[in-house]
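Below is one structure, written out as structure tokens; the observations come after it.
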Amino acid sequence: MRNGQDNAVGSPPKFRDGRNSRQKARAAGLDPDCWYVVEHDNGIKKGQVKEVVFWGTSIALYRGEDGQLAAVHNRCPHRQIKLSKGVVQNCKLHCMYHGWTFDREGWLVDYSHDSFGKPLLKKQLRTYPVQVRYGFIWLFPGDPEKAVAHPIPEIPELEGDNPWASVPIDFTWDAHHSMIIDNVCDFAHAFLHRKYRPFTDAKLRHYESDDNRVYLTYDTFMGGGRISGMFVDRKRVNTKFIEICYEYPYQWSNTGGSIKHWCFLLPINERRTRVFFLFYFDAFKIPATSLKMPQKLTQFVLRVSNSLLFKPLLSEDGIALEAEQHAYDHHWDEPPIELNPAVPLFQQLTVQKWENYLARTEVQTVKGPKQAVG
């Protein structure tokens, strides 16, 4: 409580005005010069267009009738209407209003009302590099010339002739992306998951950081749930230890070299984030036996677990994170209290990366115009 009031005065500070790493982290964006998951590959059918938003920038993502994806700035230059409200015909995107037509390179190629005379313009929308990998659609919202130098993370277990069983799941939470990183990396909140018990008795064993990541390990008991524990082969897999890494801007974990996950964040704005999780497993054991479960059966169990375990478990995190965002909006000026020494490192990395990006854009502005975030 400050000055006899329960709430801090005013709104949370903007990035430049933050007085500590937490305040700055809660206002920071994510560097657009990286690849971001924006949708599931099966989430956009042929002839369909959807809006995706990266840090306030609206992008029209569509799939042509040939199955190829394209992404363009989501605004028709005629009346400024979102192109995601339009239609896809063949491999071109048509504005819903007058039918102005754009190809995959963003060029305005046709007008439906040219009896009035074609506009004296050659208009090209901004386009974005797009790839499909690991069942996700990835988009590069920054400088397209940097897309090759900043590759999509490699997940070798999901490639080759015998990929591991995997299950994706996503949520859209009303919380800043830095809060989500704190949540998925900090194992001090086992109380929240006392029903499902994904981890218990966590003790931070080691942590370190550099310019690109924060790496930590916990001694903990993984997969202790009444049902989930039946499928974990504890004789083959060390489930008393976990590696976790905030490898900016992504997060991953590894339990015993057999239970792994990635977390990919899509920052929509300062208070809203879409979160994509990808869990993948070497194999389960057949309950009440020591037999390794076949890959196809493991995949089936994972699909069932998606609605019975993963979704309700992670929904608990979403409820807590949205409550934290609401609390921060009202009590942002309270002094930070962190018992886990790794949490400030997550925030410092987020702040430093955003400061680096802002510095690059300032230099770019001085040198001359170039493609920007939006």
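The values are calculated or read from the model by the stated rules, or taken from the named source; none is laboratory data. Every value quoted in this text rests on a predicted model; they were computed, and no experiment measured them. Note that each Cβ is placed from the backbone with ideal geometry, even for glycine, and that neighbours are counted across all protein chains shown.
Here is how the numbers come out for the structure above:
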{"quantity": "Unique residue being farther than 30 Å from TRP138 by Cα, among the polar types (S, T, N, Q), out of contact with any Gly (no Cβ under 6 Å at 6 or more places or on another chain) and not in a loop (DSSP other than H, G, I, E, B) when the list is THR200, THR220", "calculated": "THR220"}
{"quantity": "Total residues in segment 284-296, condition within 20 Å of ARG226 (Cα to Cα) and either among the aliphatic types (A, V, I, L, M) or surrounded by fewer than 16 Cβ atoms within 10 Å (Cβ to Cβ) (or both)", "calculated": "8"}
{"quantity": "Residue check, PHE231 hydrophobic (A, V, I, L, M, F, W, C) and either within 26 Å of the chain's Cα centre (by Cα) or surrounded by fewer than 19 Cβ atoms within 10 Å (Cβ to Cβ) (or both)", "calculated": "no"}
{"quantity": "Enumeration of residues in segment 179-197 that are touching a strand residue (DSSP E or B) at 6+ places or on another chain (Cβ under 9 Å), part of a helix (DSSP H, G or I) and in contact (Cβ under 8 Å) with a residue 24 or more places away in the chain", "calculated": "MET179, ILE180, ILE181, VAL184, CYS185, HIS193"}
{"quantity": "Top-ranked residue in segment 39-78 [being surrounded by fewer than 22 Cβ atoms within 10 Å (Cβ to Cβ) and touching a Cys at 6+ places or on another chain (Cβ under 8 Å); ranked as farthest from CYS263 (Cα to Cα)]", "calculated": "HIS78"}
{"quantity": "Residue among LEU345, LEU339 that is within 19 Å of CYS185 (Cα to Cα), assigned to a helix (DSSP H, G or I) and in contact (Cβ under 8 Å) with a residue 60 or more places away in the chain", "calculated": "LEU345"}
{"quantity": "Residues of segment 47-91 classified as assigned to a strand (DSSP E or B) and over 28 Å from the mean Cα position of the chain (by Cα), total", "calculated": "1"}
{"quantity": "Segment 302-324 - residue that is surrounded by fewer than 16 Cβ atoms within 10 Å (Cβ to Cβ) and among the hydrophobic types (A, V, I, L, M, F, W, C) and, of those, farthest from GLY29 (Cα to Cα)", "calculated": "VAL304"}
{"quantity": "Any hit, segment 185-205, residues being within 22 Å of CYS34 (Cβ to Cβ) and among the charged types (D, E, K, R)", "calculated": "no"}
{"quantity": "Some residue of segment 274-287 being assigned to a helix (DSSP H, G or I), closer than 30 Å to ARG26 by Cα, modelled with pLDDT of 95 or more and not β-branched (Val, Ile, Thr)", "calculated": "no"}
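Table: residues versus (1) on the phi > 0 side of the Ramachandran plot; (2) surrounded by fewer than 19 Cβ atoms within 10 Å (Cβ to Cβ).
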site	(1), (2)
ASP103	no, no
LEU125	no, no
TYR134	yes, no
LEU139	no, no
GLU157	no, yes
ILE180	no, no
CYS185	no, no
HIS206	no, yes
